[in-house]
Every structure is written in C-alpha cells, then in structure tokens.
1. Among the GluC sites (Glu not before Pro) in the stretch A:87-148, which ones are in a DSSP loop with at most 14 other Cβ atoms within 10 Å of the Cβ? Mind listing them?
2. Where does each of A:Leu24, D:Leu26, D:Leu317 land when they are ranked from fewest to most other beta-carbon atoms within 10 angstrom?
3. So how far apart, in nm, are the two label points at C:Thr77 and C:Ile319 if each is 7 Å from Cα heading toward Cβ?
4. Give the order of D:Ile314, A:Ile233 when sorted by the count of other beta carbons within 10 angstrom, beginning with the fewest.
5. HN-Hα J couplings of the stretch C:528-540 from phi, Karplus 6.51/-1.76/1.60, θ = phi - 60°, integer Hz, Gly and Pro as x?
6. Give me a comma-separated list of calculated 3J(HN,Hα) values for the stretch A:25-37, in order, Karplus coefficients 6.51, -1.76, 1.60 applied at θ = phi - 60°, integers in Hz, x for any Gly or Pro.
7. Round to the nearest 0.05 the FRET efficiency obtained for C:Ala563 and A:Thr305 when R0 = 45 Å and r is the Cβ-Cβ distance.
8. Relative to a virtual label point 7 Å from the Cα of A:Lys253 in the Cα→beta-carbon direction, which members of the stretch A:298-326 show backbone nitrogen distances below 16 Å?
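Computed from the coordinates by the stated procedures, all read-outs in this text should not be read as laboratory data. Predicted model only: the values in this text are computed from it and were never measured. Here the Cβ positions follow ideal geometry from the backbone for every residue, glycine too, while neighbour counts run over all protein chains shown.
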Amino acid sequence: MEADDGTRGAPTMLQYSGTSLEPLVQAALRVMGDGTRVFAPEAGREVRAFAPCEPGKVPAAGYWATLTNTDISPKGYLLPQTEDVMRWRGGTGNLAIEEPEAGPPAVLLGIRPCDAAAFELLDEVLIGGPFVDQTYRRRRERTVLITMACTKPGPACACDAFGLSPGHRSGDVVVYPSGGRLLVLANSPKGEEILGALQAEGGPGGAVPADPGWAGEVVAAACSTPTPLGERILVQGLLDNPQGIAGALFASKAWDRLAPRCLSCGACTYVCPTCYCFAVNDEPRGQSGRRVRTWDSCQFKDFLTMAGGHNPRPGKLERVRQRFLHKLNYHPQRYGKFLCVGCGRCVLACPVGLHIGEVAEALAAEIAPLPAPVPPAAGAAAGAAGAAGEGSDA
Amino acid sequence: MSVAEAPEERAAAEPESEAWQPKIVAFCCNWCSYAGADLAGTSRLHYPATVRVVRVPCSGRVNPRFVIRAFQRGADGVLVAGCHPGDCHYSTGNYYARRRFLLARRLLEYMGIDPERFWVKWISGSEGPKFAEVIREMSAAISALGPNRKAREEE
Amino acid sequence: MPRVGVFICWCGSNIAGTVDIARVVEAVAEMPQVVHVEDNKYTCSEPGQASIRKAVSDHRLDRVVVAACSPRMHENTFRKTIAAAGLNPYLLEVANLREQCSWVHEDKEAATVKAIDLVRMAVAKVCRHVPLFTSQSPVTKRAVVIGGGIAGIQAALDIADAGHEVVLVERTPSLGGHMAQLDKTFPTLDCSACILTPKMVEVAQHPKITIYAYSEVEKVDGYVGNFTVTIRRKARSVDETRCTGCGVCMTRCPSNVPNEFDVGLGKRKAIYVPFPQAVPNKATIDREHCIYYQRGRCRICERVCEAKAIVFDQPDELIEVQAGAIVAATGYAQFDHSVYGEYGYGQYPDVITGLEFERLVCASGPTEGKIKRPSDGRIPETVVFIKCVGSRDENKGVSYCSRTCCMYTAKHAILTREKIPGSRVYIFYMDVRTAGKGYEEFYRRATEEYGARYVRGRVSRIYPKGGRLVVVGEDTILGRKAVVEADMVVLAAAMVPQPDAGAIARTLGVSYDQDGFLTEAHPKLRPVETNTAGVFLAGACQGPKDIPDTVAQASAAASKAAALLCREALKTEAMIASVDESRCSGCLWCEAVCPYKAITAKTITERVRGKNVSRTVAEVNKSLCHGCGACTVACRDGAMNLLGFTNQQILAEVEAVCL
Amino acid sequence: MKAVAQDLTADLARLEELARSRARELLEAGTVRLVLGHRQAWTGPTAVPHFVTTPEAAGLLVTGPGCAAGIAKYVLDEQDKEGKVAVLARGCDTLGIRRMIVDKRVDPEKVLVIGLPCAGSIDPAKVANAVGADAAAIARVTPRDGRVEVLLHGQKEPVGGPPLDGILRDVCLACDQKVPSGCAEVLGADLAVLAEVSARPPVLDAGDAEAEVTRIESLSPGERYAYWADVFSRCLRCFACRNACPACNCRVCTLESYDPKWLGHPTDMPNQFMFHFIRAMDVAGRCVGCGECERVCPAGLPLMSLNRKLSRDIRLLFGVERPHVPGDVEPLGRFEPEDPEEFM
C-alpha cells in the first residue's frame, strides 16, 4: 500500500477561521434535506459511542481534540445491530409483504479517519461486488461522513500500521483543525456538494478557498501524527504475498498458544468497524411476522453449526484463527488490503487481552525470523510491566 | 418525572379507546386454581372478560420466563395462581414457585416494570369467589395503570 | 402442517346463550392449521362424539380441539372418542368455553371475543402435541412391614390375609412393641397381653408371613412395585432353628442386666427372652453384658443348652428381599422427662413415667402386679399423676398433644384405686381430652366411680420430705396453691418419634416433619401414603396414636399396600417429565426439587470429534414421575420438559393469547 | 504503613516466585498437564490468562494487582483433555471452580486448586480517574510505599497514585475470600504482610457493596425503567458476560435455543429485558460475586447491580447469609414452609 500523503486528486479545499463546525453541519443538512439527523461522538461516559447531536448544539472542533475515539464504532449506523429485511402479513392466498422504509438521512459528524476508512472497506464487500446489499446501500447513500482528522490517537491505536494515518483522507468531508482555523476538504461528490453549499453561505467568518501550501502542511502534519502502537504492530510483511503465505499462517503452531485464552464472546467483532457478519432470522407472530437481520460473530461457538449438527469450526483455535486470518490474510487475498484499520477497539474490548499485535508478531515469525524475545519483567510489584514485550512459550 | 414514565402516565390519563380492556394471562394450577376458576363458573360468579387462563399442572411448573414472554407479547397483566402453601397436590411445587416469584417480581420492579402488573395468588379449588374477586381487583388495578407499553414489543 | 379439527359445543344454551357460536366458527375457520370446524348442541352426547369420529376420518384430522366445558369434566371422554377414531388420545386439547367463559361473563361481545382467544390458544397448543404413551412396570407381590408392634402386626396380618407374602422386620428379639408392655387397655380395661399375644401367635403361624426379629432394614433400593430391601439379621448368638425357648440358659446365666422390657425396673440375664409370650420364643445373647463376650470365660449357657443352640461366633447376616410395597410401622419412643427440674430431673426414684407404672401394675411385671414404690417397695397411699409432661410445651418439650395420656392416666387412676384400697389419687392436668368412643364415659367413671381428684393446673415443684414427695402445684379453678404430700408421682410423658426416625426416613426416602414423625402424602386425603410411591405409614411413626387409631391406620395402610400388590403391573403416567440428553448438563438441580425421587443420574457415552466421551445426564423414572413439572423450571438448560405441558406448548398458548 | 507497603510489594514478588516454581515442579513431575495462571499482557497495565504447559513457560507467570481476568471458567473446557489441570486461583477463582463442581460440571479429580492469597486487582478506570487520564492510557500500575505509581503511555516517569484500596475493583473491596478456602494447597501462607493484608475484613461491607442497588431501588418506577432501558440499549449481545461467568456453565445455553425460542434475535428493548432477566434469574443464588460479567462487558453494563440485587433479596428473604459461596443446594432449589409471602 503506497504511503498516504493525504493529497490525492484535486478536491475543493476550503478554510475558515474559528473552529465552529456549525456552518459545515448546516450546509450538510441543506444538502441532505429535512429530517436529516446528526450523530457525533458522546462524552462523559466510561464506554463511549456515537449519540444524537442537536443541530445548533454542535461542539466546536476543539472538542474532539480532548477525546480519544469512541469505544463502540459507528458501524451500526450503516449496518445496524438489528434491522428488518421485510415484514409479512397473512398466509396462503392473502400474503402481503412490505419492505422496511429507509429511515431518515444521517450525518456522522466527527467520525475518525480510521472509521471512515472502515466504511470504505465495507463498501467494497457489501456493494462493490456482484451482489449488492440493498439495505446497506440505501443507508450509505443517505449518510454523510464528516471526518475529523485525528489529533488524539488512543493508546491502542495503530492505524499507521495498517497503511492509514490519523490524517487519512476518508469520508465525504474531512476537517483538519489547525490553530484557530479549520481546513475543510471535500473527499467525494457528496462532499463537493456540501462544500459548495458551505461556500455559498459566504458572509463574515465564512469559508474561503484554502491556500494550497498551507493546506498541504496541515494535512501532512496530521498524517504524520504517530500512534502508540503503530511501530510495534508489524503486519506490512503479510501483504506482500498473501496467497503464498496463507498455508504457513494457517498451519502456524502459534494458534495453539493464542487461542485457548479466548472466551468465544463476540466483543471484538461487535466493536470492530470492519466486521460485517450477520444472521437472518424470522420472528413470526401468528399470521404475520418480521424477517430480521442481526449482527452475528464468527467467534460464537455455533456460528457455523449446520442443520445436521456439523460444525466446521468447533474449537476456539479454528474460530480465533478464522478471525485474525480473515483480517490479515483472506481479505488481503481478495482485496489487496487488510480488513483492519487499526482503530484498536478489539484490543480494548477483549476481556483477555488477545491482541492483534500479539497475533501479528506470531504470524510474522512464520514468514521471517524475529529478534529474540525480550525477557518478561519479573515481580508482581509490576502488577503489569507495560511494554515488557511478548516472550514465547515455545 | 423521567421520559420513560410518560407513556404509562398518558395511558392512565386517556386510554386510547373507550373499548380498551386490559388483557390478563393467568397461569392456573390444575388442582386448585383452575378448579377454583371452574367453581366460579358453576357458581355463575361474574368477573370481567379480561383474563385468559393457561392451564398448568402446578404453580411450580410456571417458569418466570413465561411471565416476561407474556409481557413481551403485549399482555397487560400476568397472574400466577396455585394451591395454598401446604396444599400443593404435589406437596412442594408451590413452595418453590413462591421463592422463585418473590425474587422475580422484585427483580421486575427493580427493572422498572410495574409490579402491579404481575400478581401471584393462592386460590384453592373451593375458592371460586376468591378467583372471581382476584380477577375483578386485578382488572381494576391494571385498567388504572393503562396498557403495558414498557415491556411490550412494537407491532 | 398439522390438520386440526375444532368442535365447538353449544352445551344447549349454557355456552350458546352467551357466546356467539357462529362468529366463533367463522373466526376459527380462518386459523391456518384448522382444516375442519363444526358446532354441536352437545358435543359430549353420543351423536356429538360420533361426529368427531366421522370428521377425523373424513378430513384426515391428526389433532382435535374440543371447545366445550372444563377439561376437568370431559377431557377423558374426548380422549376416548378420538382414540376410538384411531388417534392417539393425547392429540386432544379442550378449550374451556363454559366454566371459564359463558358462565362467568354476561357481555356477549366480550364473551365471544374471549371464546375465540381460548380456541386459538387450544389450537396453538394442540399443534405442538405429540402422541404420548403410558408404559407398564411389573409388581413384586410381596410387602415388607417394618416394625413388629401392634401396627406392624395388624398390617402384616391384613396384607397376608389378602393373599400376599409379607416380610415382617422387628429390631428387638420379639414382636409386641409397646403394647406388650401395657397392663390393661382403655376404655375397656381388657388386658393388653390377652388381646395382643393371640395376634402375635397368628403372625408366627401365618403361612404367608416371614418374621425377621432382632433384624433391621439397612437399605432400600428401587421404586414402587420393585423395591429391593436389604435386611441385617443381627447375630443372636443362638441358632434359632435349634433353640426351643426352654429357658434353662436363662436360669443358669450368672449375669444381671436391667430389663428394658420392664423399663429398667426389673432385671434380666445376658441370655434372655424379653418376656414369656415372646414371638419368636428364642433366646438372644446380649453381647454387651455377656460375661463370656466381655471377659472370655463362662460359656455356662452353652453347657446347659441341650439343644446345642448356642453359637458364640454367629455373624450378622445380610439378606435381600424383593418387595412391591413397604409399610413403615416403626412406632414411637417416650419423652425423657429429666429435662424438667420441677419434677426432679429424673432423680427421685418414686417419680416414674406412665410406662413404668404399666409395668408395676402388670401381673407379669417385676412386682407381680403389686404397685410398690421403686425406692423402698412400700405400697403408696397417695399417688399424684401429672399430665402433659413434655406435651404441649414448646419450651422444654414438644408442641403437639400426645393424644393418649388423658386416657391412660384415667386408667392408671382407676387401677390404683382398685389395687390399693383407701388410696388417694390426684391428677394435675391442663385439659382433659376424651375424643373417642367410650372415652368420655371412661373418664367420668374415673372421677365419679373411683373418686380420682382432678386438679386443673401445672405442678411447679416436687421435693422430697421425710421419705415422701411434696407436690406443689396450682389449682387454677379454685385459684389457689395446691400442695399434696404423695408417696409416688406418675408422669404422663409425651410420645416422641424414635430417636433414629430421621435415619429411617432417609432409608425409606420419605420426608419427616419438624417433630421427627414421618410425613403422610396429604394430611387429609392421603393419610397413610407417603410421597414415595409404594411406601405406606402405620401407627405412631406418623404421629401419636392410641391402640384403636393405630390398628385402624395399620389396616388402612395394609389395604393400600394390598391394592397395589393386587395389580399385575403398574401403568405409568403419560404426561411426565422427559430429558433432552443433548441439552442436559447433568447438574441435577432437577433431582433436588423432585418430590417423588423420580430423577436420577445416568451416564451416557457419545462420540465427540471422533472420541468416545462419557457424561452424566438426568434420567426420569417413568414409574415415579407424577408430572408436576417442578424439574422443568429448575432446569436452566431447558433440557427438562413436561410432556403435555412442554415449554413450547405453554409459550404457544401465551403467544396465542397476545395476538 | 510505609514499611508495611514495601513488605507487601516484596511479599507479592515472593508469591510470584512461589507460583512460578510450583508450576514448574508440577509440570516437570508430570502431575498436571496444564497450569492456569496469568502472564503480562502484550500491552496495557493488566495481566492476561496464561496457559502453562511447559516448565519454561512457567517463567512468564505473574501474580498481583494486575491480574484482573478470572481464570476459573477455563477449567470447564480444559478438563476434557488428558491429564489434570492446576489452577493458580485467587479466592474468586476458587469460588468459581467450586460453583462448577457443585453444578457437577467440573470433575474435582481433574483439577488441582492452588490457592493464592490476594490483595485485590486494579480497576483501570479508577486509576484513570485518580490520575486524571484516559483509562486506556495507563501503561503500568505499581504498588509502592502504600500507594501506587502509575505510568502512562508515552511517558518516561510514573506519576504518584492513590493508596492501593483507592484503585481496586469494587468486587475486590467487597471480597471476603482474599485467602482462598477449600484448596488443595495455599501458597505464601508464610508471607506475613500479605497474610495480614488478605486477612483484613472487606473494605466494603454488604451494605456498601449494595449501595448502587439501594440507589436504583430508591428511584421512581419510571426512572428505574429509563435507567435500565438506557443500560440495555447499549448491550451488544456479545454474550461475554455469559461466557466469562462460572455460574453460566450449561452445555447448551437456552439463550441460543431455537425451540423454544426464549430469546428473540432482535435487540429491541423487550428482548434485551428478556435476555438480562434470564441471565440474572439463572445465576440467582448461584452468582459467586467474582464480577467477571461486568469486567468483560465491552459496553460497560453494570450487570453486578442485577446480581447484587438478587443476592441481597435472597439474603433478606431466605436468610441465606452468603449466597455467593456455593452450597449443596441453590437457594432456589430448596424452600422453607415459613418463607415470606409478600404479595400472595
């Protein structure tokens, strides 16, 4: 994956002084039409997600500078935890089927580059292929992603390890705060529309075309913000020849050591912005009912159990291997990129610290010898010894 | 007052239609309470047509999950009725039921579901009048509360 | 897709008067699984049933709903009907449109709507019905009766007379129990031995009865109809087949042991027959007191025994008996009054219990029937009787009334006055309870004819004074202190359970109440059954009883047992619990809540990922399960289900109501 | 206090050594196939479950306040393989194992419980509050001089933290099992300070531990509903609470049963209520109070507020003094004729 300089193409670049996002949101609302709802990262909770955000009460850009990314990814706004596929009424002879209505348009404000990039990964899978996931497409078209360049990577962040960066250009509009000013970039036709609307506003403090030189510096600065784990998670080698190394990774002895710890809960997959597995079930009520799609997880024991009772992935080993190889090898084999944006959520969510970095390290060892492991820090005194490093059982 | 209280309040204020009658699911043990209900019938005691009896062998057969499911599907009230303590046809079933539902009802209350929607009563085979009375009281109490909106799934 | 037929009954105008049948028919016809619906004036009538049978074949129905009166009324009728039509009888569901709808509602609209709901529920449930079957388990035609007192004797005789084999187990060397220790019996004053010993002999001679005396039940396995009872025959050190009961050994035995038959008032030898009329009349060596066993020398009995019956190295013997029914007649014990300081902590020799008094007045007793003071053998002139000693006293004794004391105290009063001319008799009492045929009259005789003086009040203190006992009490009727100088005081001590009643209960797998008496299945309706099918109760092991009640209950228990043994096989219930072994975790919480001990652990072996793995699951004994369903709720796994009332069926009904 | 603390640090280090050498012994002697313990996480302040199968790997074992994750539940799977499993168990792990033994899910013959006295494990969120940083920004927590030192990511120097009690998990503050009971053996019994610390009564008594329950009970029905509706609306249905819970040990979970379908797939409010009602009721009287359900929840649901409510009611209604200590029969598997009747 080529390095990300954040300046591909020649999009509209606006700038305006002050850090209020209100004008931008208003512009987006004008473009998206009435009833559009705005969602933004919430604050003041131990576990944070996106939450409704009243237009008029839109926080200033600086607000996000104080927060790390949400613990729960915004994936649910395009791929809801539960959604109707259809509803039916009546039976033989008088069967009536109704499709669910699409719901109001939405603006995801302050989404991080990694999460916006995650949606681009989902696009390739869900609407890029021969089969188009209609409910996802419908939502996608009615949603605007206003990306906020990341100024405060979380402690588990490693987007740069996966070919992205805190300043990565993704979503429809990308906002880069710089001192007292905002650089606003269009990153899609929808984005262009919105910036058009924003520009039309004009007026004092209104947006004006940005000075390219300055813009370049701002973007470059954002893109070079380091992440805590970016350098420790060594995955790039896995992209070189995914087909070639698949066998070795699959057969790796490391799984025996890594898998037993797993609780087979779906936490990692449910907080992950790129996991898209789902289940479809019917919920009949007498003569009528709904067919619902809900999240599902490859980590669940019965995820693959078939009608006859056979389960191709009966053990933790098979399931853990599936998840990580899907992210790090199977997806690269088909799409040439990782199914991971390094947002670090699975790392924080996993109750037993099964770390993608730990896994990557073990896998890297399968394709290239590693330096000798650092001996572990002794002593309960170090109830934990921070960056003491892996060390191997073998 | 919090938002979640609103629907219940509103319901209490103006039941959506004149006709609205609570729907009560009653789990009655075959040996006492179901017989009591039959006796109410043979004695021609009248009570509101709000109750639908599910016949079970013993109150000890009633899984608290049945109660939640009834609320989930839109019941406005649930009654579990069994033999008086000491009179269980199977000698101990209602004692287990008593423990279970003591906890379950308190847990429901704790979760914000109005406990007045869930009743447990001991009604013997000879207490036809009591059965009728319980249904009358319960219908009145729940009519006052209005339709169950909290635990019920939207249609 | 099930093919349900629905038959809606008018019950004349009983249902049709309040429920708009036509509308119900219309609504039911709409229900997806219903392929046929019809209404009849009287579905239970022969024409009504005929049309069900016809519809079943005409419309190839595989399930039937009858919407009529309460299932408690006609469920069985209609089961037979559809069985006659070739369906499994359990593929029926009854909607109660009469008792629980038309008869209790006036508003026709509401009743009709409810009727439709009730039918919808029944249809939803019946669609989840599956054929159910009863099975058979054989019956071993033999009863084991535990306890050789009057209760056990009566039960054994009745069962044997009904033509079934009986094994009678008695822990002491002889049958007879407490009744054998009594002198006369109220209210007729006929001698206890005279009416008891013939029965003992009858038992001994009955071709169908086997007696194991000096034996105890050690273990009970199996279930109703198929018990295996393990009996320990304790070593008598005497060969029963040889011993003639001549008694020479006893005359020569040098030891001296307090005689428990005389409640310690008399002495016996280490080799002994408890009392002259003992059955079996065989000697027993009490190894604890036998000089040879204690010191290794003596063996006099062996030398004098012409029958050569003495076997010093005789071992205990364990035998297994197959039985279909068990009768527990393990009797009672007497309350130990030494907890009462006011009565002298059992320290005063002349303060005795009613049972001791029985031995004193009994002609075969230690005093040949002369009432003498244990202390100095003097004939008492003044005797004080105190009732409710231990009974009705939650603090030091038991809460219940022992039921016999009022009567036997009256009897003792009469006997004292008869045997000791000029004697004075005082009776301290709380109440006089004489509920029984001829009881009140008997009590009146004691007071009026025999001049027993009843003092209503408790005794606060007894203390010795110059060889006599001063009884200080209160006369609550005259409201003054009552002080009597007595020569002897007789305490009517409470009847309490056998000290090992708990162990007996556990062996039999029955429950016992807070006092320790074995509990009946239902206090009113199943007074001699227990919750363990096939185990019955007789006599004082279930609660204090006098002889008439004991005998009556013994016969009742016997008839229940005989009725059971008469059957070739036991038909099991069809609606019982069943385990989904694939879900069962084997935690067996179900076992804990099962009132019938119907659930046991079972090990199964299955192939998991190419390996044979064994694990424990619950198993339901079809013969014991009564179908209460307690286990289904205790089962978190949802592995336990109740046929006929499955989780699926109940949930289906709930959902049907709420549509 | 100061001296004590230093010794505690020393004792903890010593305990770690004991754990490592005992594990080594057992594996070398072939007494067990596996030793369950903790090892340093790949990153972050906590330690993670460690499956030791070789004497060498025993060297990576750590103990002490960083070890938050419970390890009892693993025995359920691991016992199926050949050989015995040894568990370096804190009090909470011990209760969890006993829970599964009482439920007849774990074969006592297959598990060797080695008790570790425990001074409690840290709650990263509390540490974060104490030093005013983001929970996940903590790299290391070290007891020192009766307080703790906190090292944040990307910083060289640790900052001074509060006393140990101030940053322990609530379940640890309420723990009455700091010295494990019913183990085959207990390590470090001779470590004076640790013994003293772990012998101290719980910092929180039942009342304190249930303060949150009391608070919720004091709300109006509407507020209570709003509170739980908000809580459950965040539930992801990842089932981590169930999978981590030693009392949730059924072979097949009814929550995933299709026939009957106790729990609908939609994550609407009624189904979320059903889910959490079933979970809470099924561990009622069986919950060992280890707090794993709450610790593992990625959405931060206060599940212990449900468990504590039930165990409290069981205590008050049925007089079961310590419902969290597995007995022979669960409180719902027995009854007293005199049980209270509140509304019957």
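1. Answer in residue order: A:Glu101.
2. D:Leu317, D:Leu26, A:Leu24
3. Label at C:Thr77, label at C:Ile319, 5.4 nm between them.
4. D:Ile314, A:Ile233
5. Result, rounded to whole Hz: 10, 8, 10, 6, 8, 3, x, 10, 10, 10, 9, x, 6.
6. 4, 4, 4, 4, 5, 4, 5, 7, x, 5, x, 5, 10
7. So the FRET efficiency works out to roughly 0.30.
8. Nothing falls inside the zone, counting backbone N under 16 Å.
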